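A short write-up of the structure that comes next.
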Amino acid sequence: MGKSVYIAEKPSVAQEFAKALKLNTKRRDGYLESDEAIVTWCVGHLVTMSYPEVYDAALKKWSLDTLPFLPEKFLYEVIPGVKKQFDTVSYLLNREDVDTIYVCTDSGREGEYIYRLVEQEAHVEGKKRRRVWIDSQTEEEILRGIREAKDLSEYDNLAAAAYLRAKEDYLMGINFSRLLTLKYGNSISNFLQTKYSVVSVGRVMTCVLGMVVRREREIRDFVKTPF
């Protein structure tokens, strides 16, 4: 019988899983291992979407002529700063003595996406994959989640939604940041008296920035009213 790998989203959560399973683990570089199981972790995202210049070096220069950027196939790459942990996780997921992977990333769309990207880039094949879905990190809840873990394929729709959301964010950020910077960057630089300015656009960031600006205007326009 092969070993099981438990992969969490953060090192602290991985420690809780090892504790709940009562594993007599030895600390390795990037994971914990006992005779029965291995517990490892991501450090948030290990894989990200590639920038346009990876598709075509000419796209590194921002130009209205190359907008909109709409790739037919999206490219992904390991984040350089966490490549060491990715290599560790990839090695563990593909080890010959491992037959079952317990996906213990956070219960939600983002947690699903983090693991799916790792599996995708690590080219994992031929392993049983079980999804642990828990609401807290108590020992009782962790053991229940492992006991009731479902086949990872039952969460394929959630993964598809996560991929779609990421692509939407990527396309909006890449295209609108370039467009607005090319259109208004010089005017902003002249006003601020800076060398250059970049207008950063994001699905969440821009909305939050709008809320902050609106609130700041309300504060500045506040008129004292005696009563």
Looking at (1) 12.3; (2) 17.0; (3) 19.4, which value of mean projected area of the Cα convex hull in nm² comes from a calculation on the structure shown? (3)
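Would you mind working out the accessible area per residue for the chain, using a 1.4 Å probe, and quoting it in Å²?
Numbers: 14240 Å² over 227 residues.
For the chain, the per-residue accessible area is 63 Å².
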Rank LEU21, LEU192, LEU158 by mean-square fluctuation in a GNM of the chain with C-alpha springs under 10 angstrom and give only the top-ranked residue. LEU192
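Taking Cα pairs under 8 Å and at least six residues apart, what relative contact order does the chain come out at, in percent?
On the way: 308 pairs, mean separation 42.9, N = 227.
Relative contact order, the chain: 19 percent.
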Percent accessible area from carbon and sulfur atoms, the chain, protein chains only, probe 1.4 Å: 54 percent
Rounded to 10°, Cα long-axis angle of helix 83-93 versus longest principal axis of the chain: 40 degrees
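If you take every DSSP beta bridge fully contained in segment 1-122, what fraction is antiparallel? Give it as a percent rounded to 5. Please report the intermediate quantities before stating the final value.
Values: 9 of 20 bridges.
Bridges in segment 1-122 that DSSP calls antiparallel: roughly 45 percent.
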Quick check: the angle from helix 11-20's long axis to the longest principal axis of the chain, C-alpha only, nearest 10 degrees? 30 degrees
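What number, rounded to the nearest 500 deg cm²/dmol, is the helix-based mean residue ellipticity at 222 nm of the chain, given -39500 (n - 2.57) per DSSP H run of at least four residues and division by all its residues?
Working: 7 runs with 101 residues, N = 227.
Roughly -14500 deg cm²/dmol at 222 nm, from the helical runs in the chain.
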Which lysines have a Cα lying under 22 Å from the Cα of LYS26, excluding residues fewer than 8 positions away in the same chain? LYS3, LYS10, LYS84
When the chain is treated as a Gaussian network with springs between alpha carbons less than 10 Å apart, the largest mean-square fluctuation among SER177, SER187, SER107 is found at SER187
Relative contact order (percent, whole number), segment 166-208, Cα cutoff 8 Å, 6+ residue spacing: 46 percent
Would you work out the relative contact order for segment 40-150, in percent, from Cα pairs under 8 angstrom that are 6 or more residues apart? 26 percent
How much of the DSSP bridge set in the chain is antiparallel, in percent, rounded to the nearest 5? 40 percent
5 angstrom amide H check on ARG130, placed H, neighbours 5+ away: ILE101, TYR102, VAL103, LEU152
For segment 104-227, shape from the Cα gyration tensor axes a ≥ b ≥ c, cut at a/c of 1.5 then a/b versus b/c, turns out oblate
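Using mean Cβ contacts within 10 Å as the protection proxy, how do 195-207, 60-72, 118-130 order, highest first? Kindly include the intermediate steps, with their values, before the conclusion.
Numbers: 195-207: 12.9, 60-72: 11.0, 118-130: 15.5.
For the peptides 195-207, 60-72, 118-130, the packing ranking is 118-130, 195-207, 60-72.
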If amide H atoms are modeled at 1.01 Å from N in the peptide plane, then the residues at a separation of 5 or more from ALA149, or on another chain, having amide H under 5 Å from its own are none
Between segment 113-151 and segment 166-195, what's the alpha-carbon centroid distance in Å? 39 Å
Please identify, among ARG109, ARG215, ARG27, the residue showing maximal mean-square fluctuation in a Gaussian network model of the chain using a 10 angstrom Cα cutoff. ARG215
Integer Hz, Karplus 6.51/-1.76/1.60 couplings in order for segment 131-137, x for Gly and Pro: 9, 8, 10, 10, 9, 7, 10
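The values are calculated or read from the model by the stated rules, or taken from the named source; none is laboratory data. This is a predicted model, so every value here is computed, not measured. Don't worry about glycine lacking a Cβ; one is built from the backbone with ideal geometry, like all the others, and counts go over all protein chains shown. Keep in mind that these areas ignore ligands, DNA and RNA; they rest on the heavy atoms of the full protein, side chains included. Shrake-Rupley method; radii C 1.70, N 1.55, O 1.52, S 1.80 Å.
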